[in-house]
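Structure record follows, encoded as structure tokens.
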């Protein structure tokens with residue numbers, strides 16, 4: 001094992017998209033602190049993980065695909081990267097493998113390693129995954145399937161463990177990092193972006209995957225133009241991530257509303273605090289917006305070929321996380337043929353005009369924080385404790 005050679009445990013991490021990069025970087029920070037720095041990392045990750053000391057095997061942008069037919073064109077490259085990653089893991093023999101979200105890639109790596117283990121291969125380390133497949137929203141049979149090849153699962157939502165424990169998989173609720181997200185400074189951002197204090201602000205968040213951006217931005221552009229016709233002083237903030245930032249900047253350069261494109265966690269939270277309403281792609285960011293108390297319209301569109309399959313498999317009432325957790329509609333959701341500028345405009349205008357919207361969203365934010373928290377420990381620390389226990393890593 002790697003610890004015998006260096007004295008420092010080796011944690012192999014894989015995160016294939018922006019939300020996983022955030023979670024894995026937080027885990028790395030907690031492990032470094034808890035071990036007094038006596039820890040090493042290898043694997044695949046993004047900008048935040050690199051800042052914590054990871055040298056990524058390859059860019060995570062290659063894994064940022066979603067949907068049955070969206071994945072197919074990328075399948076040969078994905079399969080090559082899976083083989084490369086498995087080979088790298090076997091050569092390094094880490095003390096533990098922790099994959100984070102990006103299930104199309106991560107769980108295939110885990111499954112291959114489990115098969116090698118069953119055949120007598122040298123896979124003596126625990127196989128751990130963080131961020132459960134959304135079996136409560138679609139394809140519940142996946143809970144049984146992944147329980148066959150994982151040793152441990154770390155989940156973000158309190159209602160998830162029973163789905164997997166039923167099949168014998170040790171499952172730990174670690175909490176969601178958004179439950180402890182910082183409060184941004186909207187006034188500071190408005191001043192920097194030269195947005196008047198009383199000007200209404202719309203946040204536009206088109207997703208972190210190139211396919212999401214390409215499908216949603218034309219719809220969002222038309223929605224913005226319609227809203228500006230109604231609110232002439234409207235200003236636009238566009239928080240994004242590095243993998244799609246260039247494409248987003250190019251797309252919004254001719255928009256009305258003087259759009260300001262922002263990157264980075266601090267900028268994102270400042271933007272949340274400055275927004276009156278948000279228009280967002282379905283995903284983790286909608287939960288972050290709900291926790292920040294921002295009235296939000298959620299939109300999503302997949303390829304026409306993927307849509308019929310998704311409709312048969314997905315519980316649409318469970319797709320928007322805040323709605324699923326609280327059991328009520330906090331954020332209206334517009335999918336596929338309903339995801340049109342006319343409908344989004346009406347929903348967003350209602351939020352701008354309804355004085356109760358922000359109060360209702362603030363109440364929902366309080367309820368969400370209570371539901372997603374893990375008492376005194378942060379989600380990253382709780383996850384670090386679970387990883388250390390699974391790997392036998394000594395903590396200070």
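The values are calculated or read from the model by the stated rules, or taken from the named source; none is laboratory data. All values reported here derive from a predicted model rather than from experimental measurement. Please note: Cβ atoms are built from the backbone with ideal geometry, for glycine as well, and neighbour counts cover all protein chains shown.
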| query | Which of (1) on the phi < 0 side of the Ramachandran plot; (2) modelled with pLDDT of 95 or more; (3) outside any helix (DSSP H, G or I); (4) surrounded by fewer than 17 Cβ atoms within 10 Å (Cβ to Cβ) is the odd one out, the single condition residue 58 does not satisfy? | reply | (2)
| field | Total residues in segment 253-278, condition closer than 24 Å to residue 20 by Cβ and in a strand (DSSP E or B) | value | 4
| message | Which pairs turn up if I take residues in segment 318-346 that are assigned by TED's automatic domain parsing to the domain that holds residue 363 and without any contact (Cβ under 8 Å) to a residue 12 or more places away in the chain and look for partners that are surrounded by 20 or more Cβ atoms within 10 Å (Cβ to Cβ) and in a helix (DSSP H, G or I) with beta carbon separation below 7 Å, at least 6 apart in sequence or on another chain? | response | 329/323
| task | State whether one or more residues within segment 95-104 are in the same structural domain as residue 170 (by TED's automatic domain parsing), in contact with a helix residue (DSSP H, G or I) (Cβ under 6 Å, 6 or more places away or on another chain), in a loop (DSSP other than H, G, I, E, B) and at pLDDT 95 or above. | result | yes
| request: Inspect all residues belonging to segment 165-177 and state whether any of them is on the phi > 0 side of the Ramachandran plot and within 22 Å of the chain's Cα centre (by Cα). | output: yes
| remark: Across (1) in contact with a helix residue (DSSP H, G or I) (Cβ under 9 Å, 6 or more places away or on another chain); (2) crowded, with 20+ Cβ neighbours inside 10 Å; (3) at pLDDT below 90, residue 336 clears everything bar (2)
| said: Quick check on segment 38-53: of everything there that is assigned to a loop (DSSP other than H, G, I, E, B) and more than 19 Å from the chain's Cα centre (by Cα), which residue is nearest to residue 21 (Cα to Cα)? | reply: 53
| request: Could you please find all residues in segment 128-144 being within 14 Å of the chain's Cα centre (by Cα) and outside any loop (DSSP other than H, G, I, E, B)? | output: 130
| Considering segment 316-363 alone, what residues qualify as being in a loop (DSSP other than H, G, I, E, B) and either under 20 Å from residue 276 (Cα atoms) or in contact with a strand residue (DSSP E or B) (Cβ under 6 Å, 6 or more places away or on another chain) (or both)? | 320, 329, 330, 331, 332, 339, 354, 355, 356
| task | Filter segment 211-222 for residues that are within 12 Å of residue 250 (Cβ to Cβ), at pLDDT below 95 and touching a helix residue (DSSP H, G or I) at 6+ places or on another chain (Cβ under 7 Å) and give the result. | result | 213
| note | residue 191 vs (1) farther than 23 Å from residue 26 by Cβ; (2) in contact with a helix residue (DSSP H, G or I) (Cβ under 9 Å, 6 or more places away or on another chain); (3) modelled with pLDDT of 95 or more: all pass except (2)
| Are there any pairs, at least 6 apart or on different chains, whose C-beta atoms fall under 9 Å, with the first in segment 246-260 and touching a residue at least 60 places away in the same chain (Cβ under 8 Å) and assigned by TED's automatic domain parsing to the domain that holds residue 201 and the second exposed (fewer than 15 other Cβ atoms within 10 Å of the Cβ) and part of a helix (DSSP H, G or I), and if so, which? | 260/192
| query | In this structure, does residue 250 turn out to be assigned to a helix (DSSP H, G or I) and surrounded by 17 or more Cβ atoms within 10 Å (Cβ to Cβ)? | reply | no
| field | Residue among 354, 360, 367 that alone is in the same structural domain as residue 286 (by TED's automatic domain parsing) and within 30 Å of residue 152 (Cα to Cα) | value | 367
